Amino acid sequence: MTRYFTDEHEWIDVDGGQATVGITDYAQGQLGDIVFVELPAIGAAVTKGGEAAVVESVKAASDVYAPVSGTVTAANDALGDDPSLVNSAPEGEGWFFKLTLADAGELEGLMDAAAYQAFVASL
Amino acid sequence: MRYLPLTQGDRAEMLARIGATSIDDLFIDVPADARRDGPIAGLPPHASEMAVERHLTKLARQNLVAGEVPFFLGAGAYRHHVPASVDHLIQRGEFLTAYTPYQPEIAQGTLQMLFEFQTQVARLFGCDVANASMYDGSTACWEAISMARRVTKKARAVISNGLHPHYVSVATTMARFTGDQLVTATPDLAAEADSARVIAEIDSQTSCVVVQYPDILGRIPDLRPIAEAAHAQGALLIAVVTEPVALGLIRSPGELGADIVVGEGQSLGVGLQFGGPYLGLFACKEKFVRQMPGRLCGETVDADGKRGFVLTLSTREQHIRREKATSNICTNSGLCALAFNIHLTLLGGSGLEKLARLNHGRALAAAARLAQVPGVRLVNASFFNEFTIELPKEARPVVRALAERDVLGGVSLGRLYPGAEALGNGLVVAVTETASEDDIETFAVALQEVLA
Amino acid sequence: MSAINQSGWRPEMGPAEMGQAGHDAGATFTGNRALMLEEPLLFEIGRPDASGVDLPETVLMENRLGGMMRAAQVDLPGLSEPETVRHYTRLSRQNYAIDLGLFPLGSCTMKHNPRLNEKMARLPGFADIHPLQPVQSVQGALGLIHELAEWLKTLTGMAAVAMSPKAGAHGELCGLLAIRAAHDAAGSDRSVILVPESAHGTNPATAAFCGYKVENIPATAEGRVDLAALVSRLGPDVAGVMITNPNTCGLFERDMKKISDAVHAAGGYVYCDGANFNAIVGRVRPGDLGIDAMHINLHKTFSTPHGGGGPGSGPVVLSAALAPYAPLPFVERHGDRYELVEEETAGEHHAGTFGRMVAFHGQMGMFTRALTYILSHGADGLRQVAEDAVLNANYLLRSLDDVLVAPFGATGPCMHEALFSDDNFAEGFSTLDLAKGLIDEGYHPMTVYFPLVVHGAMLMEPTETESKAALDQFIGAIRSLAVRAKAGDPLLKSAPHFAPRRRLDETQAARKPVLIWQPPLVAEAAE
């Protein structure tokens, strides 16, 4: 399994043709206390760079973009009851949705962990 | 000038502190050709309290005051007695001259009142949640149609022909720009509402069905079969209540299956005011709360653990979502919500029921009496405090002739539906607790004379 | 613990003793602190059979309710009149208000609300007339609307005014719909509205509601619209621009006329957000700046009360180019008679109208108040209003720019409001802390974190109805707080300490929204 990062602060774990998407620890820190997450419907088609989810803190709402194109296969229902999971475990239990990759080639150009660390340090 | 505290001495001292030689120095960013050197021409100078009062009083006297004559107008605005304490309390400066409660530590009065108001509206409408008010019933109705589009991702709204024509006009104005399709129809002088037509129009592309309860002619449709038909096609039922006092006696729309209930709250606490400001009411099922427009007040605790209230779920709103907001509104109708809240508190559930019974009783008596006037026919099978009669001639001139005799005798359908000839003889008559038995008799006698 | 009885004491418990919780020198049996009174919710003190209104019992021998009669009364608690008066009087005392003190909320214009306005709005000839009365019976009301409309047109130098919009944002909608209708009539399908980044959030929201795509225009280092950037973006797809002038940084857009000319040359229209008209009323006519549509918040410039969040009123003045598209209804004068132009008569005189925005005629109660205010001031007084508002704001700016950072202070005078940032505060301290400290000093905070273009923005609008003494005390309070914020005073971080409530937990409110009251057992079961 490989983890990639986007410059919009999403992470994506890829395992064969399947992937899991969430937002990074840095992103949750910037947003503050998360109060609500709007997730895509199962079966929805998302396109790379397109809006896939919305994450809300008390004073801000931010779009979460799909790191790659694909079809949504699962959404993390646990976030409905407890959106604070995004704060406490952003890169684990606080995942957003899973998808089937449409084109593995789109992973090219995403960052690996080291590159993302360097990117965040530059902000 | 009585509202301006600065003296010439103050002004000079302040300009010196700023480092300006004259007030004109502070307006240097205005292009020279747009600066006005003196007061704008053609407008009078300042005036004393006494002079202003004299002028306004003169204008006020040129109007026929509802409370001074037999009065039977409704059609979306109802005259009810408002207890004296309501107007006293809303004029307390801490309510009247406060701002939207963005700083909750020093706005608990307004916030607690809004929380109480939301609870009252939700209970009255039979819904899970309600917002902190909208501009008026007509705009709340459009916001509900718009919300149904967001919830269902469909954009075809089936509108009952009993929906207030102004409400239909407002929705039509907006739909022209948003692309919503509105399926509308003009009412006819039928005893029953158009439930059968509405149900037949619902299809798989329908986002919502909008039904007024009681409707513009005063008829009371059974919402249950409409709700069932709408839900079967994945559409929402929006019920519109323009006379909330009716709900003291008839079942709530939420209980009958409505998903969103909106209304005009002017009947309680607000008064007629020639059409505004009024009070938009908005309630819905809990599962739709994040698609709801308008301000919401919620309960929480402070740093000491004490209960308190804040504006919440504000990420739906324009100041955060900007072009993705659920609505562009920021002001609600706070002071009118307070008046509604106080009036309903003074009534309580028992008082509201008594008031509603009194209204229905007076309306029954008036309907019976007017139906005795030769040539007059009662249209409605059902009604609460408002019904439609058919006259033997066009109603609009009759209304004007009645006004000449100092009787304000209802709203002609010709005024509401210009050009709809089949409705021209229709007259909508509202009878609240403010209409005495004498008023009803005076109206009936005057109507008979005018028709003769 | 309910607010009705902080101690938890009940009559069957015998002599009152302080509960264990919260027993300190400041604890009281009631939870009250002298004049600071706790007040329970209506639902905790009301009873279903209590009422403050005497109504007769009506026995209905029959009903015509179509089978819809309800089985039981609505579950709503009531109170007697004395309880009602006390409940709301106590609640009112937990609010800050203009009547209590300076209310420096930038862009919101919290000025004194004259009480003559209230008295006039309550004359039965205005307050107790129905919107659908025959026109012959409401000539005075139509006359009043017409008189106010004439004032607004003359003060702004514009051709027409739409009176019906219910508030500022509704006025924006009116203006944008007029622009859209004008383009539609010309067969043009322009799809973009340009909005400066410093705009009120309502601007992009409104444009989106009218079906437009919104594009941001950057600001210059001087806090104004970047004219060159705007001009370079103009083109056949741009329907118009929305500009606030004076802008949300409290500055006059010096290039306004050039902006208008460029937009017009490119076939677009200029919408002006008139929220800040109070800074220039009587001194500048927006019509002279090439504006096509502008809403006027009667509750800002013309002193109608804010009422804890409305009702507002937002008439929209229109240029000759947009006037044909104005919404219904409106009032026309024919000799000594006034007519109401509605759907029926629009066809003959006003075929281009984009339609109706509200039931009835707009905020009559606010028209009465605004006209009362306008007549009280007259043309000379309104000019003085703008001058004193601008003078007071510049006095604040120059009395504070040595202790706070004024991002545009060096570019010249401000208009009616002074803008500062939190750039010189200690690490970990921000605008919010100064704002909450201001509450303890007995003031309502200024507008915070708006406009977005300034870090930790603090926007202070004193208005013209503050005396020099009131300003001097406020300046003293801000200077003291600025020193504390720069020094990193931890007590400021936990302010307010003396308000009816300390900082409230907004995260909890948003995560698990409790929007209506539930009886305790129901609420517990829902946990």
Restricting the range B:93-122 to residues that are more than 22 Å from B:G276 (Cβ to Cβ) and without any contact (Cβ under 8 Å) to a residue 24 or more places away in the chain, the residue that is surrounded by the most Cβ atoms within 10 Å (Cβ to Cβ): B:A107
Check on B:V86, in contact with a Gly (Cβ under 9 Å, 6 or more places away or on another chain), more than 7 Å from chain C (Cβ to nearest Cβ), in a helix (DSSP H, G or I) and touching a residue at least 12 places away in the same chain (Cβ under 8 Å): yes
Of residues in the range A:1-12 being open to solvent by 20 Å² or more (accessible area, probe 1.4 Å) and part of a strand (DSSP E or B), the one modelled with the lowest pLDDT: A:T2
Selection within the range B:94-119 - more than 22 Å from the chain's Cα centre (by Cα) and either more than 7 Å from chain C (Cβ to nearest Cβ) or charged (D, E, K, R) (or both): B:E94, B:Y102, B:E105
Strands (runs of 3 or more DSSP E) (entirely within the range A:16-123) containing at least 2 residues that are away from chain C (no Cβ under 14 Å) and at pLDDT 90 or above: A:18-23, A:51-57, A:61-65, A:70-75, A:97-101
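Yes/no matrix, rows are residues, columns are (1) among the charged types (D, E, K, R); (2) touching an Asp or Glu at 6+ places or on another chain (Cβ under 6 Å); (3) open to solvent by less than 30 Å² (accessible area, probe 1.4 Å):
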site: C:L400; (1), (2), (3): no, no, yes
site: C:A418; (1), (2), (3): no, no, yes
site: C:F425; (1), (2), (3): no, no, yes
site: C:T431; (1), (2), (3): no, yes, yes
site: C:E461; (1), (2), (3): yes, yes, yes
Of the criteria (1) touching a Phe, Trp or Tyr at 6+ places or on another chain (Cβ under 8 Å); (2) buried (at least 24 other Cβ atoms within 10 Å of the Cβ); (3) not charged (D, E, K, R), which one C:T372 fails: (1)
Within the range C:73-151, helices (runs of 4 or more DSSP H) holding 1 or more residues that are more than 7 Å from every other protein chain (Cβ to nearest Cβ): C:81-92, C:115-121
C:L382 being within 30 Å of B:S333 (Cα to Cα), touching a residue at least 40 places away in the same chain (Cβ under 8 Å) and more than 7 Å from chain B (Cβ to nearest Cβ): yes
Residues within the range A:77-101 that are open to solvent by 80 Å² or more (accessible area, probe 1.4 Å) and either touching a residue at least 40 places away in the same chain (Cβ under 8 Å) or out of contact with any helix residue (DSSP H, G or I) (no Cβ under 8 Å at 6 or more places or on another chain) (or both), tallied: 3
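So that you can scan it fast, the table gives a plain yes or no per residue for (1) free of Cβ contacts under 8 Å to residues at least 40 places away in the same chain; (2) more than 7 Å from chain B (Cβ to nearest Cβ):
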site: C:G365; (1), (2): no, no
site: C:R369; (1), (2): no, yes
site: C:D388; (1), (2): no, no
site: C:L397; (1), (2): yes, yes
For A:A27: the one exception among (1) free of Cβ contacts under 8 Å to residues at least 40 places away in the same chain; (2) out of contact with any Leu (no Cβ under 9 Å at 6 or more places or on another chain); (3) of a type outside the set (S, T, N, Q): (1)
Hey, A:A53 under 23 Å from C:K512 (Cβ atoms) and open to solvent by less than 20 Å² (accessible area, probe 1.4 Å) or not: yes
Residue match in the range B:157-171 (condition: touching a residue at least 40 places away in the same chain (Cβ under 8 Å) and over 26 Å from B:S412 (Cα atoms)): yes
Residues satisfying the stated conditions in the range B:26-47, i.e. more than 7 Å from every other protein chain (Cβ to nearest Cβ) and open to solvent by less than 60 Å² (accessible area, probe 1.4 Å): B:G38
Single match in C:A178, C:A169, C:A199, C:A182 (criterion: within 9 Å of chain B (Cβ to nearest Cβ), within 28 Å of B:T178 (Cα to Cα) and either in a strand (DSSP E or B) or touching a helix residue (DSSP H, G or I) at 6+ places or on another chain (Cβ under 8 Å) (or both)): C:A169
Residues of the range C:489-527 that turn out to be surrounded by 12 or more Cβ atoms within 10 Å (Cβ to Cβ), in a loop (DSSP other than H, G, I, E, B) and either out of contact with any strand residue (DSSP E or B) (no Cβ under 8 Å at 6 or more places or on another chain) or not basic (K, R) (or both), as a count: 16
Residue under evaluation B:L56, criteria (1) open to solvent by 20 Å² or more (accessible area, probe 1.4 Å); (2) within 7 Å of another protein chain (Cβ to nearest Cβ); (3) over 30 Å from B:F443 (Cα atoms), criterion not met: (1)
Residues within the range C:174-203 that are among the hydrophobic types (A, V, I, L, M, F, W, C) and open to solvent by 10 Å² or more (accessible area, probe 1.4 Å), tallied: 2
Listing of strands (runs of 3 or more DSSP E) fully contained in the range B:138-241 that carry 2 or more residues being open to solvent by less than 10 Å² (accessible area, probe 1.4 Å): B:156-159, B:206-212, B:236-241
Search result, residues across the range C:276-327 that are within 22 Å of C:A239 (Cβ to Cβ) and part of a strand (DSSP E or B): C:A293, C:M294, C:H295, C:V316, C:V317, C:L318
Criterion (open to solvent by 10 Å² or more (accessible area, probe 1.4 Å), assigned to a strand (DSSP E or B) and either within 13 Å of chain B (Cβ to nearest Cβ) or at pLDDT 95 or above (or both)) met by exactly one of C:Y338, C:Y271: C:Y338
Residue list for the range B:336-392, filter: among the polar types (S, T, N, Q) and within 12 Å of chain C (Cβ to nearest Cβ): B:N341, B:T345, B:S350, B:N359, B:N380, B:S382, B:N385
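Here's the yes/no breakdown for (1) more than 22 Å from B:A246 (Cα to Cα); (2) open to solvent by 10 Å² or more (accessible area, probe 1.4 Å):
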position: B:A368; (1), (2): no, yes
position: B:Q372; (1), (2): yes, yes
position: B:R377; (1), (2): yes, yes
position: B:L413; (1), (2): no, no
position: B:P418; (1), (2): yes, yes
position: B:E421; (1), (2): yes, yes
position: B:V428; (1), (2): no, no
position: B:E437; (1), (2): no, yes
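The values are calculated or read from the model by the stated rules, or taken from the named source; none is laboratory data. Small disclaimer: the values here were computed from a predicted structure and weren't measured. Note that we place each Cβ from the backbone using ideal geometry, even for glycine, and neighbour counts take in every protein chain shown. Only protein heavy atoms, including side chains, enter the accessible area calculation; ligands, DNA and RNA are left aside. Shrake-Rupley method; radii C 1.70, N 1.55, O 1.52, S 1.80 Å.
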